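The values are calculated or read from the model by the stated rules, or taken from the named source; none is laboratory data. Since the model is a prediction, treat every value here as computed from it, not as a measurement. Positions of Cβ are generated from backbone atoms using ideal geometry, with glycine treated the same way; all protein chains shown enter the neighbour counts. The protein model used for the area step is the full one, side chains on, heavy atoms only, and it has no ligands, DNA or RNA in it. Shrake-Rupley method; radii C 1.70, N 1.55, O 1.52, S 1.80 Å.
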Amino acid sequence: MNLNKYNFRSIFSSALGIIILSLGISINKGSVLGMDTYTGMNTTVADYFNMSLGNFQLILNVILLLSMFVFGRYLLGLGTVLNMVFVGYLVDFFLKMFDGTILSFDVEKSLWIRFLLLVIGTIILCLGASLYMTADLGVAPYDALAIMMSDHIEKLSFSVARIITDVVCVIVGLIFGTVLGSYPFGTIIGIGTVLTAFGTGPFIGFFNKTISAWIVGKSNKEAE
């Protein structure tokens, strides 16, 4: 662990990123057009077992954290802990705040409002992810899974490993959300899931070189 990375600006950026990321995820749920693969899966499974998202996601993150101690200690840091502990509970918090508003989960909302919320939520999510990633204080347990797989499985690239983990999340999410649960198809695992999985790179890159680089105190080159 490189302790030189730990300064006020990087810690602030990581913590702020977690809050903004959670806000974006919550707005994405309000779009009723799909969430990111990991949170979407955890949402459906948690609801099926009548648990809060925060509690279920923390349990799963702890399991993934144990694998990091075995296969990916170099990926651990303060950011790992902040992500694994707080994202699920912050999403729960924001969803309670949104209850009864236009941001709440409601399939009766008009389609254009849902698309607007999806776009806004995704942009906010990307800003939060950028702040968190630019701080470079550790990798989230789920994100670390694909890195560890590619590092320890010969000829398995990170891109393929990430696709594998995301596909598993989508399948589990559909099973617990649509097949076994009460979520209509496309509301938790939907177009928003595809957008966050494959379409967020340019937005994150833009925020890396503008807002996040300035907050963390890095040059544009360092933040790429």
How high is the relative contact order of the chain, in percent, counting Cα pairs under 8 Å that sit 6 or more residues apart?
37
Between Val62 and His152, 0.36 nm times their residue separation minus their Cα-Cα distance comes to what?
30.3 nm
Protection proxy (average C-beta count within 10 Å per residue), highest first, orders 124-137, 12-25 as 124-137, 12-25
Estimated inter-spin distance, Arg73 and Phe198, nm [label 7 Å along Cα→Cβ]:
3.9
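In nm, what is the difference between 0.36 nm times the number of residues separating Phe8 and Leu111 and their Cα-Cα distance?
Once the chain is fully extended between Phe8 and Leu111, it gains 32.9 nm.
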Calculate for the chain the 222 nm mean residue ellipticity that helices alone would give, adding -39,500 (n - 2.57) per DSSP H run of length 4 or more and normalising by residue count, nearest 500 deg cm²/dmol.
-22000 deg cm²/dmol
Relative contact order computed over region 109-211 (Cα-Cα under 8 Å; 6+ residues apart), in percent
38
Among the lysines, which have Cα under 23 Å from the Cα of Lys209 when same-chain residues fewer than 8 positions away are ignored?
Lys5, Lys218, Lys221
Under 20 Å from the 7 Å Cα→Cβ point of Ile123, by amide nitrogen: which residues of region 179-194?
191-194
With a ≥ b ≥ c from the Cα gyration tensor eigenvalues, square-rooted, and the rule rounded for a/c under 1.5, otherwise prolate when a/b > b/c and oblate otherwise, region 65-124 is prolate
Take peptides 141-147, 184-190 and line them up by average Cβ neighbours within 10 Å, highest first, as a rough protection proxy.
141-147, 184-190
Return the lysines within reach of Lys29: Cα separation strictly under 18 angstrom, same-chain partners fewer than 8 residues apart disregarded; answer none if there are no such residues.
Lys96, Lys109
What number, in percent, do you get for the relative contact order of region 43-173 if the mean sequence gap of Cα pairs under 8 Å and at least 6 apart is divided by its residue count?
33
Share of region 72-163's accessible area from carbon and sulfur, percent, 1.4 Å?
69
Can you report the principal axis dimensions of the chain using only the alpha carbons, biggest first, rounded to whole angstrom?
50, 36, 29
